[in-house]
Amino acid sequence: QVQLVESGGGLVQAGGSLRLSCAASGRTFSSYAMGWFRQAPGKEREFVAALNWSASTRSYADSVKGRFTISRDNDKNTVYLQMNSLKPEDTAVYYCAANRYGPASNRRAAYDYWGQGTQVTVSS
């Protein structure tokens, strides 16, 4: 069982930056692939970024490539999402998710555990 708690969301102007954190409980964090997803009002939850247990494999949605960076610190049981050059269309609730022993998947169904989400609002 893994519990995930996101933090770092907030209100930022277009062009600004935010860093989201996702703290995981449990001693097996290093065996999990981790992902970030987001959900805007009235839209389905969509993939943002993911990385495998060692961070040797990372994947990104086309809409965030070159602007967002996913990373992890297995000693701190934490995964990060650095978001630069933010746009109003990045406004959403951001969720982290954990996938034990799995790859860095872009599919929601691949993930076993989800956090409660953190709101990111980008003003124009």
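The values are calculated or read from the model by the stated rules, or taken from the named source; none is laboratory data. The structure presented is a predicted model; accordingly, all values stated were derived computationally and were not measured. FYI the Cβ positions are ideal-geometry reconstructions off the backbone, even for glycines, and counts take in every protein chain you see. The protein model used for the area step is the full one, side chains on, heavy atoms only, and it has no ligands, DNA or RNA in it. Shrake-Rupley method; radii C 1.70, N 1.55, O 1.52, S 1.80 Å.
Listing for the model above:
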read-out	value
Quotient of Cα Rg and 2.2 N^0.38 Å for the chain, N being how many residues it contains	0.97
Label-point separation in nm, residue 85 to residue 101, each point 7 Å along Cα→Cβ	3.9 nm
Fraction of accessible area attributable to carbon and sulfur, the chain (%, probe 1.4 Å)	45 percent
Sequence-distant lysines (8 or more away, or on other chains) whose Cα lies within less than 24 Å of residue 65	43, 87
Contour excess over end-to-end distance, with Cα ends at residue 61 and residue 43 and 0.36 nm allotted per residue	4.9 nm
Prolate/oblate/rounded call for the range 81-124, Cα gyration tensor, a/c under 1.5 rounded	prolate
Under 14 Å from the residue 27 label point (7 Å along Cα→beta-carbon), backbone N, the range 41-56	none
Range in the chain, longest, excluding exposed trypsin sites (Lys or Arg not before Pro) [loop by DSSP; at most 15 other beta-carbon atoms within 10 Å]	77-106
Test item: Cα-centred dipole of the chain, Lys/Arg +1 and Asp/Glu -1 on Cβ, debye	140 debye
Per residue solvent-accessible surface (Å²) - the range 1-105, probe of 1.4 Å	49 Å²
Loop sites in the range 1-63: GluC sites (Glu not before Pro), DSSP, at most 16 other Cβ within 10 Å	44
